[in-house]
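**Q** Before we start, here is the structure in question, set down as structure tokens.
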Amino acid sequence: MSKIEVKELYKIFGSHPREALVKLKSGRSKEDLLQKTGHTVGINDANFAVDEGEIFVIMGLSGSGKSTLVRCINRLIEPTAGTITLDGEDITKLSAEKLRVMRQKKIGMVFQRFALFPHRTILQNVAFGLEIQGLDKATREEKAMTVLETVGLKDWSHVYPEQLSGGMQQRVGLARALAADPDVLLMDEPFSALDPLIRKEMQEELVELQERLKKTILFITHDLDEALKLGDRIAIMKDGIIAQIGTPEEILTNPADDYVESFVTDVDRSKVLTAENIMFRPFAIVRDDDGPRVAVRKMQEEGFSNIFVVGPERVLLGIVTVEKALEAVKNNVKDLHQILDADIPMTAPDVLVQDLLPMAVTAKVPIAVVDENKRLKGIIVRVSVLAGLSGMEVGDDGVPHTD
């Protein structure tokens, strides 16, 4: 279910935005409007939906409209036209009072600059939004302490912002946004002002925090690596237009146009592609009650020297080699359990390709991709890992190829 829906959203800056909008819809370009009317197109017909519990990243270069777009979501900037719905309620039609309540209770925002009050302690900074809501001191401080513990700053509640590092100050900003327990977090380049190492740490902490809290997050960035790391889906913007929306995998493998392709050209695919992306479905498997003769026959048909053995509901039990299967047939052994090897390399579907390389180098048999119940989902051969690292595509049969 969509938590947020944006439809036909426009933002035009200037003295007569409605008139400029008519000209824009009639086919006038952004550059033409600026030169001839003095109006700037910030957002041009944006359409997207954000699912509940999703991290939806909006990325683009400076001037692409990404920050304007996120500020329209809570009407820090008033849209020129279009609708923005949160839980089915159109934010663009809310009165000033209802908008204020929505900002206080349903939408939190984290900015690039920390905007902390220097004369207030960390606890008081985090509790500020709750104070505005009218909560009593004991209640708001209790809630603030709970959130500070969540972001790992409980022991720093009594100090002042100047006593904290940049990364810690940004955690305070995040805690302040979380204190009111909002449904939606708007994060406008929150880590851009941080040093690279601290920025990486904050990205990892946000991922861990999201696993626990499951908030709906709109995250703004100009950094594709950051977008690929954090986003469940990514919207890439150019000149106020959304050029493409897709998962990190879709953005990398199927860029919509030359502009998007220019972004992804130098991306390290191994940091994005997972085991699920490079595995192929195991057509040649045997059930544990099939017997060695069936195993030999299937290996001969497929040209394999080993075959995976599964039990009920496709639960992986192990692997049988052609040598052991042939010996079992010769000795009239009929139970596969007597010859299967249960000590085989396995991985979860969401493990990154780069993390599979050590396993692929040492594995003497294909890597099994299994879910949390050990059900066999797919198979990865060594060449698939190397292909994933090099950027080649892997077909359904596990064979790498290029377009």
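The values are calculated or read from the model by the stated rules, or taken from the named source; none is laboratory data. Bear in mind the structure is a predicted one, so any value in this text is a computation, not a measurement. Cβ: placed from backbone, ideal geometry, glycine included. Neighbour counts: every protein chain shown.
**Q** Kindly check whether there is at least one residue in the range 211-228 that is touching a Gly at 6+ places or on another chain (Cβ under 6 Å), closer than 26 Å to residue 353 by Cα, in the same structural domain as residue 77 (by TED's automatic domain parsing) and surrounded by fewer than 19 Cβ atoms within 10 Å (Cβ to Cβ).
**A** So far as the range 211-228 goes, yes, one or more of its residues are touching a Gly at 6+ places or on another chain (Cβ under 6 Å), closer than 26 Å to residue 353 by Cα, in the same structural domain as residue 77 (by TED's automatic domain parsing) and surrounded by fewer than 19 Cβ atoms within 10 Å (Cβ to Cβ).
**Q** I'd like the full set of residues that are assigned to a helix (DSSP H, G or I) and among the aliphatic types (A, V, I, L, M), limited to the range 194-250.
**A** 197, 198, 202, 206, 207, 209, 213, 224, 227, 228, 230, listed by residue number.
**Q** Residue pairs, Cβ under 7 Å, 6 or more apart or interchain, first in the range 273-284 and closer than 16 Å to residue 351 by Cβ, second among the hydroxyl-bearing types (Ser, Thr, Tyr) and assigned to a helix (DSSP H, G or I). List them.
**A** So the pair list comes out as 278/384.
**Q** Sticking with this structure for a sec: Would you point out which residue out of 383, 369 is at pLDDT below 85 and either of a type outside the set (Ser, Thr, Tyr) or not assigned by TED's automatic domain parsing to the domain that holds residue 318 (or both)?
**A** 383
**Q** While we're looking at this one, here's another question. Only one of 225, 232, 239 is in contact with a helix residue (DSSP H, G or I) (Cβ under 7 Å, 6 or more places away or on another chain) and of a type in the set (D, E, K, R); which?
**A** Of the residues listed, the single one that is in contact with a helix residue (DSSP H, G or I) (Cβ under 7 Å, 6 or more places away or on another chain) and of a type in the set (D, E, K, R) is 239.
**Q** Could you list, in sequence order, all residues of the range 79-92 that are in contact (Cβ under 8 Å) with a residue 60 or more places away in the chain and part of a loop (DSSP other than H, G, I, E, B)?
**A** 79, 80, 87 - these are the residues of the range 79-92 that are in contact (Cβ under 8 Å) with a residue 60 or more places away in the chain and part of a loop (DSSP other than H, G, I, E, B).
**Q** Scan the range 312-323 and tell me whether some residue there is loosely packed, with under 15 Cβ neighbours inside 10 Å and part of a loop (DSSP other than H, G, I, E, B).
**A** Among the residues of the range 312-323, not one is loosely packed, with under 15 Cβ neighbours inside 10 Å and part of a loop (DSSP other than H, G, I, E, B), which makes the answer no.
**Q** Further question: Looking only at the range 106-123, count how many residues are in contact with an Asp or Glu (Cβ under 8 Å, 6 or more places away or on another chain), within 27 Å of residue 75 (Cα to Cα) and not in a loop (DSSP other than H, G, I, E, B).
**A** Matching residues across the range 106-123 total 3.
**Q** Quick one: which residue in 67, 95, 62 is loosely packed, with under 15 Cβ neighbours inside 10 Å and touching a residue at least 60 places away in the same chain (Cβ under 8 Å)?
**A** That would be 62, the only listed residue that is loosely packed, with under 15 Cβ neighbours inside 10 Å and touching a residue at least 60 places away in the same chain (Cβ under 8 Å).
**Q** In addition: Residues that are buried (at least 17 other Cβ atoms within 10 Å of the Cβ), more than 19 Å from residue 140 (Cα to Cα) and out of contact with any strand residue (DSSP E or B) (no Cβ under 8 Å at 6 or more places or on another chain): does the range 105-114 have at least one?
**A** yes
**Q** In the range 253-265, is there at least one residue being surrounded by fewer than 20 Cβ atoms within 10 Å (Cβ to Cβ), touching a Lys or Arg at 6+ places or on another chain (Cβ under 8 Å), at pLDDT below 85 and not in a helix (DSSP H, G or I)?
**A** Checked the range 253-265: no residue is surrounded by fewer than 20 Cβ atoms within 10 Å (Cβ to Cβ), touching a Lys or Arg at 6+ places or on another chain (Cβ under 8 Å), at pLDDT below 85 and not in a helix (DSSP H, G or I).
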